[in-house]
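To start, the structure itself, in structure tokens.
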């Protein structure tokens with residue numbers, strides 16, 4: 001991954017660790033987004049995964065994962081954004097757009113949210129409108145739109 005300034009000058013390159021697959025969207029996570037707090041999140045259109053990067057060291061942190069340690073997969077994932085805490089959604093919810101059937105004709109809008117496990121700093125990621133996913137050993141909750 002390459003980083004450029006607004007004039008098109010190369011600033012730096014980022015090692016992706018082989019985790020990027022047709023990157024299509026970027027978002028900076030807020031400070032209350034579980035283990036990926038303050039990280040740069042990259043949407044992979046190619047395989048539907050989301051990869052976190054440390055914005056200071058530019059090193060990959062890995063995929064957002066479900067409770068079995070598998071990467072969360074959203075087929076046809078296009079873009080990511082966090083809400084603004086007002087009319088554009090909650091600031092600690094990661095909203096996404098995807099084209100799950102063929103990537104271009106049909107559309108899906110959903111969100112991922114980090115929910116702390118009681119008595120722990122582990123996080124549960126819930127996909128609204130798509131299904132249920134979580135990271136590590138957490139309780140499963142389901143939200144449907």
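The values are calculated or read from the model by the stated rules, or taken from the named source; none is laboratory data. Every value quoted in this text rests on a predicted model; they were computed, and no experiment measured them. Methodologically, a virtual Cβ is constructed for each residue, glycine included, from the backbone with ideal geometry; neighbour enumeration extends over all protein chains shown.
What do you reckon, is residue 86 buried (at least 19 other Cβ atoms within 10 Å of the Cβ) and closer than 19 Å to residue 112 by Cα? If you could, list the steps in order and put the result at the bottom.
On the way: buried (at least 19 other Cβ atoms within 10 Å of the Cβ): no; closer than 19 Å to residue 112 by Cα: yes.
Here the answer is no, as residue 86 does not meet what is asked.
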(request) Could you tell me whether the stretch 112-130 includes any residue that is surrounded by 13 or more Cβ atoms within 10 Å (Cβ to Cβ) and modelled with pLDDT of 90 or more? (result) no
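What do you reckon, is residue 52 in contact with a helix residue (DSSP H, G or I) (Cβ under 9 Å, 6 or more places away or on another chain) and without any contact (Cβ under 8 Å) to a residue 40 or more places away in the chain? Show your work before the answer.
Working: in contact with a helix residue (DSSP H, G or I) (Cβ under 9 Å, 6 or more places away or on another chain): yes; without any contact (Cβ under 8 Å) to a residue 40 or more places away in the chain: yes.
Answer is yes for this residue.
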(message) Criterion first (over 23 Å from residue 66 (Cβ atoms), touching a residue at least 12 places away in the same chain (Cβ under 8 Å) and either surrounded by 13 or more Cβ atoms within 10 Å (Cβ to Cβ) or touching a strand residue (DSSP E or B) at 6+ places or on another chain (Cβ under 7 Å) (or both)) does residue 21 satisfy it?
(response) no
(message) Can you find a residue that is out of contact with any helix residue (DSSP H, G or I) (no Cβ under 6 Å at 6 or more places or on another chain) and either closer than 19 Å to residue 30 by Cα or at pLDDT 90 or above (or both) anywhere in the stretch 135-143?
(response) yes
(request) Might you check whether a residue that is within 18 Å of residue 74 (Cβ to Cβ) and touching a helix residue (DSSP H, G or I) at 6+ places or on another chain (Cβ under 7 Å) occurs anywhere in the stretch 25-40? (result) yes
(message) Anything in the stretch 91-107 that is within 14 Å of residue 28 (Cα to Cα) and at pLDDT below 85? List them, or say none.
(response) none
(request) Taking only the stretch 45-70 into account, find how many residues are touching a strand residue (DSSP E or B) at 6+ places or on another chain (Cβ under 6 Å) and closer than 11 Å to residue 19 by Cα. (result) 8
